[in-house]
Amino acid sequence: MANNSADAIVRHYNRADEASRLSAGWFQLEQERTRELILRHIQPAPARVLDVGGGAGAYACWLAMRGYEVHLIDPVPRHIAQARAASAKRSQHPLASSEVGDARKLPQLNGSADAVLLLGPIYHLTKRSDRQAALREAYRVLRSGGFVWVAGISRYASLLDSLSHGFFGQPEFAPILDRDLAEGQHRNPTNDLYVLH
Ligand SMILES: C[S@@+](CC[C@H](N)C(=O)[O-])C[C@H]1O[C@@H](n2cnc3c(N)ncnc32)[C@H](O)[C@@H]1O
């Protein structure tokens, strides 16, 4: 991300369609593996799940279908609209709520969630203090003994993406990759979506 302001996040996701991402290419593997890791630890339904940075609702709707009470929070209005549309298609098992919000300041009460998904905010929040705030909030809303699932992105992700997608040799990509590898910070000042996330 060029920066982690709400405007930059909204601009990014107006260009990259999150609703279709997990059904394309190797992202399907990400989805299957993530589901496997969620199911390995989540308590049986019914239970209350908070999906923070839930995007277009891929995991939220899937968990709602399995009998969980799922609340989705995301800063991108387009994602909330997509999540609500996906939920409406499953009228027997809708999302309990889906609202615009930020991982750093959640509206939920202390100890009110049995499980929290944080599969997005941490790699978008480029400042350590912001990541700490998001993790603190997840811990605050979680009940004692509950689980939080947190996703990060390795500094090597751009390198692997560039090799598999064929843009490794492009001169404008070189400084982006250099910074990724040296600092673990991804900044893309070009208008090209070299790396989607
Ligand atoms: C790549 S998507 C992942 C969506 C879904 N959780 C998944 O794993 O497929 C990253 C999500 O994080 C959200 N996000 C970015 N910054 C955030 C923040 N500060 N608080 C909450 N969500 C945030 C984005 O809007 C986006 O929906």
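Coordinate-derived values only; no laboratory data. This one's a predicted model, so the numbers in the text were calculated from it and none came from an experiment. Counting neighbours? That spans all protein chains shown, and the Cβs are built from the backbone with ideal geometry, glycine included.
So what is Rg over Rh here for the chain, counting just Cα atoms and using Kirkwood for Rh? Show your work: numbers first, answer last.
On the way: Rg = 17.0 Å, Rh = 17.5 Å.
Taking Rg over the Kirkwood Rh, I get 0.97.
Taking a span of 15 Å or more along the helix axis (Cα atoms) and a mean Kyte-Doolittle hydropathy of at least -0.5 as the rule, the DSSP H helices of the chain that qualify are 77-88.
Nearest 5 percent is fine: what portion of the DSSP beta bridges confined to the chain is antiparallel? Taking every DSSP beta bridge with both residues in the chain, the antiparallel ones total about 5 percent. Between Arg15 and Gln92, full extension at 0.36 nm per residue minus the direct alpha carbon distance yields a gain of 24.6 nm.
The Cα center of region 122-164 and the Cα center of region 77-121 differ in position by 17 Å.
In this structure, the amide hydrogen of Ala16, modeled 1.01 Å from its nitrogen in the peptide plane, lies closer than 5 angstrom to no residue at least 5 positions away or on a different chain. Would you work out the charge dipole size for the chain about its Cα centre, treating the Cβ of every Lys and Arg as +1 and the Cβ of every Asp and Glu as -1, and quote it to the nearest 20 debye? Dipole of the chain, to the nearest 20 debye: 520 debye. The slack in the chain from Leu39 to Phe147, taken as 0.36 nm per residue of separation less the alpha-carbon distance, amounts to 37.7 nm.
Give me the net charge of Asp161's neighbourhood, meaning all other residues with Cβ under 13 Å from the Cβ of Asp161; Lys, Arg count +1, Asp, Glu -1.
-2
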